[in-house]
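Accompanying notes for the structure given below.
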Amino acid sequence: MTDPGTGKAAPAVRVHHESASNQPEVVLVHGTMDRSASFGPVLRQLTDRRAVTYDRRGWGRSRSSGGGTIQLNDHVQDLLSVLESAAEPPVLAAHSFGGIIALCAAARRPASVRAVVAYEPPVRWLPWWPVEAPWERVVREATPQGPAAVATAMFTAVTGRPPGPDQQRPGELEANGRSLLAEMGDPSLAEIYFDLDRLAGLRVVVGAGSESQPHHIEVARRLALLLDRGVFVELPGAGHSAHVTHPELFARLIETTR
């Protein structure tokens, strides 16, 4: 779809502004099986920062814009369209798969980004990522049972509990499962999808939780070492969903980019 006014590809996402300002200092990008609302606790910690977050394709209010043909590049283009609204280069703060999107966007337009905070980005092409990570195995084993079973298995694996009433609303698990399968099955994720050299000179904070899976911690640590201005920060007591369980620590990651 093209915007007739600009001739550019129109973003499929419905951008949700958490601030009255249209000049964000921080843009938050959520991961898989998630939506912008999960950053609410973090936003309440960033009381003096103008922040924007949005629902990515296939999730939340952008559910209808998803689909099996959506790939990483589409998500990156959506984020770049969000950056176009910023008067000054903002900080990109992202969780999990959102971290990959943020790193790709920053590598494509480093002058449009002040810094990147990437929490446990699943960078599969780094040699420290397992041939089949535990959650990848969970998805593979549940796939024959259908999308709803995939979403249930993944939610339980990540959070340690089964989906609650909100996640079990009619059609919710099915839709989440379809979007999850599309993202994790994206063939472009096996490629080298951002150039480390393009991030040279840009401050990149790579975070991981002390209670996270070992490969998430190792990949985050190694990625920070590979980056020119990369910094690794471990959040004590946190797991993969630190923005929900430890929002004050996640917010401090963002504050390190001041």
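For the reader, a short list of remarks on this structure follows.
- Taken together, the residues in segment 203-258 that are out of contact with any helix residue (DSSP H, G or I) (no Cβ under 8 Å at 6 or more places or on another chain) and among the aliphatic types (A, V, I, L, M) amount to 7.
- Selection count, segment 199-235, where residues are out of contact with any strand residue (DSSP E or B) (no Cβ under 8 Å at 6 or more places or on another chain) and farther than 17 Å from W128 by Cβ: 2
- Taken residue by residue, segment 79-87 has no member that is crowded, with 18+ Cβ neighbours inside 10 Å, at positive phi, in contact (Cβ under 8 Å) with a residue 12 or more places away in the chain and under 14 Å from the mean Cα position of the chain (by Cα).
- Residues in segment 186-235 that are at pLDDT below 95 and among the small types (G, A, S) were compared, and the one that is farthest from A148 (Cα to Cα) is G201.
- Boolean, L181 is modelled with pLDDT under 95, aliphatic (A, V, I, L, M), under 18 Å from F97 (Cα atoms) and within 16 Å of the chain's Cα centre (by Cα): no
- Residues (out of contact with any Leu (no Cβ under 8 Å at 6 or more places or on another chain), part of a helix (DSSP H, G or I), of a type outside the set (G, A, S) and under 16 Å from L180 (Cβ atoms)) located in segment 63-73: R63
Residues are listed down the side, and each one gets a yes or a no for (1) modelled with pLDDT under 95; (2) assigned to a helix (DSSP H, G or I); (3) over 18 Å from A182 (Cβ atoms):
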position: S19; (1), (2), (3): yes, no, yes
position: G31; (1), (2), (3): no, no, no
position: S38; (1), (2), (3): no, yes, yes
position: R61; (1), (2), (3): yes, yes, no
position: V76; (1), (2), (3): no, yes, no
position: A87; (1), (2), (3): yes, no, yes
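- Lone qualifier among F250, F194 - being under 21 Å from T159 (Cα atoms) and either among the hydrophobic types (A, V, I, L, M, F, W, C) or touching a Gly at 6+ places or on another chain (Cβ under 8 Å) (or both): F250
- Residue under evaluation S38, criteria (1) buried (at least 21 other Cβ atoms within 10 Å of the Cβ); (2) in contact (Cβ under 8 Å) with a residue 40 or more places away in the chain; (3) under 12 Å from the mean Cα position of the chain (by Cα), criterion not met: (1)
- Residue identified as surrounded by fewer than 17 Cβ atoms within 10 Å (Cβ to Cβ) and in a helix (DSSP H, G or I) among P127, P144, P170: P144
- Taking segment 212-251 as the range and being without any contact (Cβ under 8 Å) to a residue 12 or more places away in the chain and over 21 Å from P127 (Cβ atoms) as the test, only T245 passes.
- Where a residue in segment 134-148 is at pLDDT 95 or above and its partner, wherever it lies, is in a helix (DSSP H, G or I) and of a type in the set (S, T, N, Q), with Cβ under 8 Å and at least six apart: A142/T152; P147/N176
- Verdict on G98 being surrounded by fewer than 19 Cβ atoms within 10 Å (Cβ to Cβ), assigned to a helix (DSSP H, G or I) and not polar (S, T, N, Q): no
- Of all residues in segment 241-256, those being more than 16 Å from S96 (Cβ to Cβ) and surrounded by fewer than 19 Cβ atoms within 10 Å (Cβ to Cβ) number 4.
- Of residues in segment 177-215 being part of a helix (DSSP H, G or I) and among the charged types (D, E, K, R), the one farthest from V233 (Cα to Cα): R178
- In this structure, R161 does not satisfy being assigned to a helix (DSSP H, G or I) and surrounded by fewer than 17 Cβ atoms within 10 Å (Cβ to Cβ).
- Each residue in segment 218-240 was checked for being crowded, with 19+ Cβ neighbours inside 10 Å and out of contact with any Ser or Thr (no Cβ under 7 Å at 6 or more places or on another chain), and 6 pass.
The values are calculated or read from the model by the stated rules, or taken from the named source; none is laboratory data. All values derive from a computational prediction rather than experimental measurement. Positions of Cβ are generated from backbone atoms using ideal geometry, with glycine treated the same way; all protein chains shown enter the neighbour counts.
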